[in-house]
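Q: Next up is a structure, given as C-alpha cells.
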Amino acid sequence: MLSREENALLTQVGPGTPMGELMRRYWQPALLSRELPEPDCPPVRVRLLGERLVAFRDTQGRIGLIDEFCAHRGVSLFLGRNEDCGLRCVFHGWKYDAEGQCVDQMNEPVPFSSKVKMQAYPTVELGGLIWTYMGPPAKRPPEPQFEWTQAPDSHRYVSKTWEECNWLQALEGGIDTSHAPILHRALTNNTARAGIAPAAPFVRGKAATLEVDTTDYGYMYAGVRPLGEDQLYVRTYHYVMPFTQIRPAQVGGHGDEWRPHIAGHFWVPMDDENCMVYNWHYNYGLDAPPLTEEDRVERSAGRGPGEQLADFRKRRNRDNDWLIDRQVQKTETFSGIDGIHTQDHAVQESMGPIVDRSREHLGPADKAIIVARRLLLDAVRTVQEGGDPPGVAPSYYGLRAIEQVLPREVDWRAELGPQLYCQPALAR
Amino acid sequence: MLSREENALLTQVGPGTPMGELMRRYWQPALLSRELPEPDCPPVRVRLLGERLVAFRDTQGRIGLIDEFCAHRGVSLFLGRNEDCGLRCVFHGWKYDAEGQCVDQMNEPVPFSSKVKMQAYPTVELGGLIWTYMGPPAKRPPEPQFEWTQAPDSHRYVSKTWEECNWLQALEGGIDTSHAPILHRALTNNTARAGIAPAAPFVRGKAATLEVDTTDYGYMYAGVRPLGEDQLYVRTYHYVMPFTQIRPAQVGGHGDEWRPHIAGHFWVPMDDENCMVYNWHYNYGLDAPPLTEEDRVERSAGRGPGEQLADFRKRRNRDNDWLIDRQVQKTETFSGIDGIHTQDHAVQESMGPIVDRSREHLGPADKAIIVARRLLLDAVRTVQEGGDPPGVAPSYYGLRAIEQVLPREVDWRAELGPQLYCQPALAR
Amino acid sequence: MLSREENALLTQVGPGTPMGELMRRYWQPALLSRELPEPDCPPVRVRLLGERLVAFRDTQGRIGLIDEFCAHRGVSLFLGRNEDCGLRCVFHGWKYDAEGQCVDQMNEPVPFSSKVKMQAYPTVELGGLIWTYMGPPAKRPPEPQFEWTQAPDSHRYVSKTWEECNWLQALEGGIDTSHAPILHRALTNNTARAGIAPAAPFVRGKAATLEVDTTDYGYMYAGVRPLGEDQLYVRTYHYVMPFTQIRPAQVGGHGDEWRPHIAGHFWVPMDDENCMVYNWHYNYGLDAPPLTEEDRVERSAGRGPGEQLADFRKRRNRDNDWLIDRQVQKTETFSGIDGIHTQDHAVQESMGPIVDRSREHLGPADKAIIVARRLLLDAVRTVQEGGDPPGVAPSYYGLRAIEQVLPREVDWRAELGPQLYCQPALAR
C-alpha cells in the first residue's frame, strides 16, 4: 500500500517530474530496429516518457530521434520526407539531420538554418532495438548490454506490445512470480490453448515463498515452492532498475521437448497512462541451437498471426474485454483469455489507467513488489540529491535467470548462484 | 428553473454528495434477474450511483454485489471465476463470497483471508429484478414491493435500457404527461408505426391541466383534458420518491382490442451522466389474462428485435441522431423517430448529459416537475438533518394508475380514487 | 513567436472572450445555402464561435438561425418540425419563428408564448452562403459583398470542409504563400495527381520575398520570386480581417489550357478546436465563360467524389494520417497526400488542436503571418476600447488577386495595382 502522494510520485514520468528525472538516467528502448528497416524509410512516431518524438534512419543508416514537431511552425515531422541525410518537413521544407540540426530551409531567400536545432536524443542500436538516452549528457551510463543483446540474431527474438495502463502496474505484474501458476494455469493437461499445465512443477508446487536479495542493479529473487515431500521448485528472476525483468522461460513443448531459454520484458513508459512492453527471449550456452521460426511467432504469448494491430495494440484489448470466453474459462484455462501475455495485460489494464495503490492489501507473496517500490522511491531521492541510482552501472551485464527442481535439503542459493551470471568462458 | 447550485445538487449522486446520500436511503434496481441466469454464471459489471460494482450468483443461488476491484491489487473481478460459492480473482486467486468476505488466497503460503473483506451491498430479488440497498444499515427500508413485483411472472415483464444522460432529466420526461400526445403522436390513424393515434382521447383532448396531490410517498397526479363539450379524459400517475413512475398503459390494439395494463419506469443513476431505465408492465385484476409473447417484445416502445445492443444501449442513439427519418416526420409520426421510449430518450439525451436548468422556462404544464424537484430538495435537507425521506415507508405498496373518460361534471378524484390503490380482495 | 497569453488570446473565440468579441463584429458564414435547399426542409445544426445553433428555412423561405436548445426544457431543436412558418420542438410543441419568437405552446391550456423569445441572429443570403451577424446590433456592418458574391451562380462555386484545429493555424496556412510550391509540389511534370508541376513558375522561381502593404481592410501582399535571370513571378493575395483570404487561382489544365480564376477561403471558428473552411472560386471579367461541371467537382483540391463525409469532415483525416502514401511521397508528390487542400489541412491538423506559438521559429518568409497577428491583436484592443476594427467597412468590396510573370526591372505594384480591384466598368 502506498499513500496517494507516493502513488502519484511513482507513476508520473513526464519532463520535470521526480520519477521522470529518475527514468531519464537510464537507457530507454525507443522502438524496434525493424520499424526502421532501411535507410530513408518512412519516419515513425515515438511516445516516450510523456514526450512526442519522431525516429528516422537516414541515408547513411544513422538513427535520428528528435522532437515530433518542426521547430518552424509545429507541423508533425511524421509527415516528413526522409531523404538525403535528413528529415524534411513537408510544409516549408525545413530539414533536420540525425542530430536535430536544421540544415535547409526551402522557403527562405536567405536561410538561417544554422541557428535552428531541434531537441534530439542520442541512440544506440543493440539487440534489435533502438535505445535512447534522454537525461543529462554528463550522466550518460554505459550501453545497455545484456547477454541477449550480444547473442546473434539467430538466437534471439524481440517484439513489443502497447499496454494501455501505467508502466508501474505492468512492471509489478511482471516481477510477481506468485500469479503465474494461477492466472496462466491451464485447467487440463491436454488443452491446445496456451497455459501452464497442472502437471508442471510450477502448478503442482505449493504457494511460493519469496526470497529477495537486493543488489547494486536492483534485486535477484526466487519463488521457492515446496514440491511433494522432498523437493523444491525454485524459479529465479532479476529485477534491473527501473523497468527490466529477466526470467527463465521454456519454448517448444508441443510434440517436442521443452527447451530452457531466458526471457524478459522492459515496461517502458509512453506516458502516464500507457506503456510499451518489449518482449525478448534467447537461447543461451555454447551448444544452443538457433531459434526456430515457430519460436519467433510467440503464439503462446498471444502475439500470433493477426493478434497485433499495426500500432502494436492488441486485438484482444480492454474495449472488447480481451475477448474473454466464459466457456473456455470453465473448462480449459483459468482466465478464459487467450495468450499468456494477453492475460497479464488484461488483469493489469482492468485495474484502470493508474491503479489506486492506497486501497490495496498486500501480503508476504507481494514481497518483490514491495521491495521494488522502495528501491524506486529511494532512487528518486538519490537522484534529487545529486547521486547515481542503481542499475546505471554495468553490473547487470550477463545476468541469467534459471529455474530448477532441487532436493529440499539443498541450499538453492549455493546451487543456483553460479548459474545466475553468464560465465564468459561458457557464453558463445 | 433552478439555480446552478440547485441543479448541481439534484444531479450529482456519487458517494458523499447530498443527493447521493438521499439516493442511498432507497432500494435500487441493480440489474435484471435474467442477467444472472443460473448459479455460477459469469459475473456482470454494475454501475450504480457513481460506484463500480460486480454482481454474481453463487453456486447456491445467492447474489453477491461487491466492489468491482479486488481488494488485493485492484484487478477487475468482472474477469473473475464464479465457482464453489464465491467469485475468484484470476490474478492471484483471491476469492470472495456473496457477502464480500475473502475466503481464499491461492498465492499466500499462510493465507490471511479472514482479515480481508470487500465492500458488499445487500440484495433482494423481487419482480425479476435484483435490488440493492447502499445506505446506512440501520436505515434500511422495507423491501420494495409493488403490485407488479407480486404478480406472477406470467403477468408481468421487465426490461432495461441505458439512457445516456443524467437521471433527473430522464425522470422529468417520465413524470410529464403533457408531452405524451405531442412527442408520441402519430400523424394519421393508419400508420403502422408506433404512436398515439389522432383519434385517441389522449390526442383529441385539449392541453392538460395538471393536478398534483402530494402524498407520503411522493405524489399522485392527473392530467385532466377537456374532451369535446361534455367529457374529461383523466389520466393518473404516481411519482414514488425518488425515481419511480407508475402510469396507465394499454397493450395490443393491432387488429385486437386495447387492454388496460399498468406500467412504469425506474430511472436509476449509473453515474452523473448516465442512467439505467427499468421498464415494467403487468396485467392486473382477478381475471387478468397472462401477457402474450408479443406483449413482451415491447415493439412499440422501441425495444423490438435488434433494437437493443448487448450492453443495453440503444441501436438508435445520440451518435446516429436516433436514426430520425425526416420523411416519416413529415407524414407519419410527430418525431420521425421509431419507438415510443426511443422518442423519450432522444429528446432527453438531446439536452446534453446534464441539462442546464437555469436557462429553462417552465409553465403550469410543468407542475409535476416543479413539485418533484421541490420534494427532492426538501428530502435532501431532511436526510441531512437526520430524518427519513418520503418513499421509504411502505405506503406506496399497491399503487395503481388508471385512465378514464368521464362526464365533465363528475368529480374525478371521487370517481377514480378507489381504483388508484390495489384492493387486496380484488388482487390476484 | 507569441507568448502563451497572446496565443490564448488569439485562439479563444467563445462568448465573452476578447477575440470572440472582435469576431462578433464581422459577418460570419454560417452554412451553405444548399444545406437548406427548400422551404420547410429539415433544420441543420450550426456550431459557430463556440455557440450551438440551429438553422432552418421556413415556409416562406426566411432563414432562422437560433439557439439549438428549446427555451422551455432544453431539447435540441435539430429534432424539430419545420412547418407552417416556424420550427416546432417535438417535445411539447413549442414553436419559434425565424426571429426566435415563440408563437405556439401545444402543451399549455393558456399559452404564454408571447413572453418567450430565443436568441436569434440576423442572416443574409449572398453568394450561395447564409451569413450571420452575432455582435451588437448597433455595430452591424454592411453586408459582406465580394466580387464573387455578386457573380451569377453560373460563374462561381462555393463549398465547405471541416478542419479539425483552431481557426488561426488554418488561416495562417492560407495567408502563407511560401509553403505552396513546397507542400503542394508535384515531383514530376506528368503525374496524374494534383500538384504544382516543377515546370510552373511557382516552383521554378526562387524562394519568395514577401511584401506586405497594410490597408484599411487588412493587407495586400505579394510573394515575389526571382525567375531565371531577368524575370519575376509575382503572386498577390489579400487578407481581409479577420479570416478571409483572396488568391489567384487556375482551373483546367488537364488537356486544356489553364484559365485564371480568383479563389479564396474563409476560416470560420466553430469552437476553439475546430473551424469550418469555406472554399470559393469564380471566373471574372466581361467575357468570362461559366464554370464547367468539372470546375465544380474540386477534384484537385481533394473534395472529389467520396472525399467528403456527410458532416463535411474529410475522408482523409487525422485519424487515418490523411492516408499518406509513402511510395507516392517518394516518387510523385512532395507530401504523399492526395488533394491540395487536404495537404493544407494535414499539416495544420498535425500541429495539434491549438498549436503552441511560444515554441516556433519564424523568419522573413513568415512576414504575412506576423503582420496578421499584429493586426488581430491591435483590433482586439481597438474593440475593447470601443472602436471599430479594420475590415468592417466596405473597402474590401471588389478586391481581386492576380499573379503574373514580369520583367525584373518592372515595378510590380505599378503594373499589377490597377488589376487588384474590380473596375465597375469591366465587371460583369
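No value in this document is a laboratory result; all are computed from the given coordinates. Note that the structure is a prediction, hence the values are computed from the model and not measured. Heads up, the Cβs are rebuilt from the backbone with ideal geometry, glycines too, and the neighbour counts pull from every protein chain shown.
Q: So what's the back-of-envelope 222 nm ellipticity for chain B, counting only DSSP H runs of four-plus at -39500 (n - 2.57) apiece and dividing by all residues, rounded to 500?
A: Rounded to the nearest 500, it is -4500 deg cm²/dmol.
Q: Now a separate question. Considering every residue in C:182-193, what mean count of other chain Cβ atoms within 10 Å of its Cβ is obtained?
A: Mean shielding count: 2.
Q: What ranking do B:GLU229, B:GLU294, A:GLU307 get, fewest neighbouring Cβ atoms within 10 angstrom at the top?
A: B:GLU229, B:GLU294, A:GLU307
Q: Could you list C:THR215, A:THR191 so that the one with the fewest beta carbons within 10 Å of its beta carbon is first and the one with the most is last?
A: A:THR191, C:THR215
Q: Just list whichever of A:LYS314/C:LYS330; C:LYS206/C:LYS367; A:LYS95/A:LYS115; A:LYS95/C:LYS206 have alpha carbons separated by over 21 Å in the model shown.
A: A:LYS314/C:LYS330
Q: Same structure, new question: Taking only the C-alpha atoms, wrap a convex hull around the stretch A:367-428 and report its volume per residue in Å³ as a whole number.
A: Enclosed volume per residue, from the Cα hull, is 128 Å³.
Q: What is the residue of chain C with the smallest Cβ distance to the axis taking C onto A, and what is that distance in whole Å?
A: Per the C/A rotation axis, the closest residue of C reads C:ASP319, 9.
Q: Still on this structure: Mind checking A:357-363 for the average number of partner chain beta-carbons within 10 Å of each residue's beta-carbon?
A: 6
Q: Something else: With no other cysteine's Cβ closer than 4.7 Å, which Cys residues of chain A count as lacking a disulfide-compatible partner?
A: Isolated Cys, chain A: A:CYS41, A:CYS85, A:CYS102, A:CYS165, A:CYS275, A:CYS422.
Q: Please work out the Cα convex hull volume for chain C and give it in Å³ per residue.
A: Per residue, the Cα convex hull of chain C comes to 155 Å³.
Q: Calculate the spin-label point distance for A:ARG374 paired with B:GLU294, positioning each point 7 Å from the Cα along the beta-carbon direction, and give it in nanometres.
A: 7.4
Q: Given q = 0.15 Å⁻¹, what are the Debye log10 I(q)/I(0) values for the stretch C:31-139, with equal point scatterers placed on the Cα positions and solvent ignored?
A: So the normalised log intensities are -0.57.
Q: Relative to the compact-globule scaling 2.2 N^0.38 Å, provide the ratio for the alpha-carbon radius of gyration of the protein assembly as shown.
A: 1.07
Q: Mind listing which chymotrypsin sites (Phe, Trp or Tyr not before Pro) in the stretch B:354-422 are in a DSSP loop and have 13 or fewer other Cβ atoms within 10 Å?
A: Listed in order of number, the matching sites amount to none.
Q: Right, another one. Compute the Rg/Rh shape ratio of the stretch C:283-370: radius of gyration over Kirkwood radius, all on alpha-carbon atoms.
A: 1.07
Q: Take C:GLU143 and A:GLU5, extend 7 Å from each Cα along the Cα→Cβ direction, and tell me the distance between the two endpoints in nm.
A: Each label point lies 7 Å from its Cα, and together they span 6.8 nm.
Q: Taking a point 7 Å out from Cα toward Cβ as the label site, list the nm distances between C:GLN419 and the same residue in every other copy, smallest first.
A: 8.6, 8.6
Q: Springs between alpha-carbon pairs under 10 angstrom, Gaussian network model over chain A: which of A:ALA379, A:ALA170, A:ALA138 fluctuates most?
A: Top of the fluctuation ranking is A:ALA138.
Q: Grab the beta carbon distance between B:LYS206 and C:GLU125, set R0 = 41 Å, and tell me the FRET efficiency rounded to 0.05.
A: With R0 = 41 Å, the Cβ-Cβ based efficiency is 0.55.
Q: Gain in length, B:ARG381 to B:ASP319, computed as 0.36 nm per residue apart minus the alpha-carbon separation, to one decimal in nm?
A: 18.5 nm
Q: Can you give the Rg to Rh ratio of the stretch A:317-428, both from alpha-carbon atoms, with Rh computed by the Kirkwood formula?
A: Ratio value, two decimals: 1.07.
Q: Using a 10 Å cut-off on Cβ to Cβ distances, tally the other chain neighbours for every residue of A:341-353 and report the average as a whole number.
A: Going residue by residue through A:341-353 and averaging, the value is 4.
Q: Please give the FRET efficiency for A:GLU273 paired with A:ALA310, using the beta carbon to beta carbon distance and R0 = 22 Å, rounded to the nearest 0.05.
A: Calculated transfer efficiency: 0.60.
Q: Still on this structure, I have one more. Sort C:HIS361, C:HIS341 so that the residue with the fewest other Cβ atoms within 10 Å of its own Cβ comes first and the one with the most comes last.
A: So the ranking, lowest neighbour count to highest, is C:HIS361, C:HIS341.
Q: Can I ask one more? Going 7 Å from Cα along the Cα-Cβ axis for the label, what nanometre distances separate B:SER395 from the same residue across the other copies?
A: Values, ascending and in nm: 7.6, 7.6.
Q: State which helices in chain A qualify, where a helix is a whole DSSP H run, it must extend 20 Å or more along its own axis by its Cα atoms, and its mean Kyte-Doolittle hydropathy must be at least 0.5.
A: TM-like helix candidates: A:367-384.
Q: OK, next. Please work out the C-alpha center-to-center distance from the stretch B:174-234 to the stretch C:125-159 and express it in whole Å.
A: 47
Q: Which Rg and Dmax, in Å, describe the Cα atoms of the stretch A:114-200?
A: For the stretch A:114-200, the Cα radius of gyration and maximum Cα-Cα distance read 19.8, 67 Å.
Q: If the viscosity is 1.567 mPa s and the temperature 4 °C, what Stokes-Einstein diffusion coefficient in µm²/s follows for the stretch C:149-268 when Rh is the Kirkwood radius over Cα pairs?
A: Answer from the Stokes-Einstein relation: 81 µm²/s.
Q: Let me check I have the definition right: for the stretch A:197-272, take the eigenvalues of the Cα gyration tensor, multiply each by 5, take square roots. What are those semi-axes in whole Å, largest first?
A: Largest first, the stretch A:197-272 gives 26, 19, 11 Å.
Q: For the stretch C:2-71, state which trypsin sites (Lys or Arg not before Pro) are in a DSSP loop and have at most 16 other beta carbons lying within 10 Å of their beta carbon.
A: C:ARG62
Q: If R₀ is 22 angstrom, what is the calculated FRET efficiency for the pair B:SER114 and A:SER358, using the beta carbon separation as r and rounding to 0.05?
A: Here the calculated transfer efficiency is 0.45.
Q: Using a label position 7 Å from Cα in the Cα→Cβ direction, what is the ascending list of nm distances from A:GLU5 to the same site in the other copies?
A: From this label point to the equivalent ones elsewhere in the assembly: 3.3, 3.3 nm.
Q: What nm value, rounded to one decimal, do you get for the distance between C:ARG34 and B:ASP388 when each label is placed 7 Å out toward the C-beta?
A: The modelled label-to-label distance comes out at 6.9 nm.
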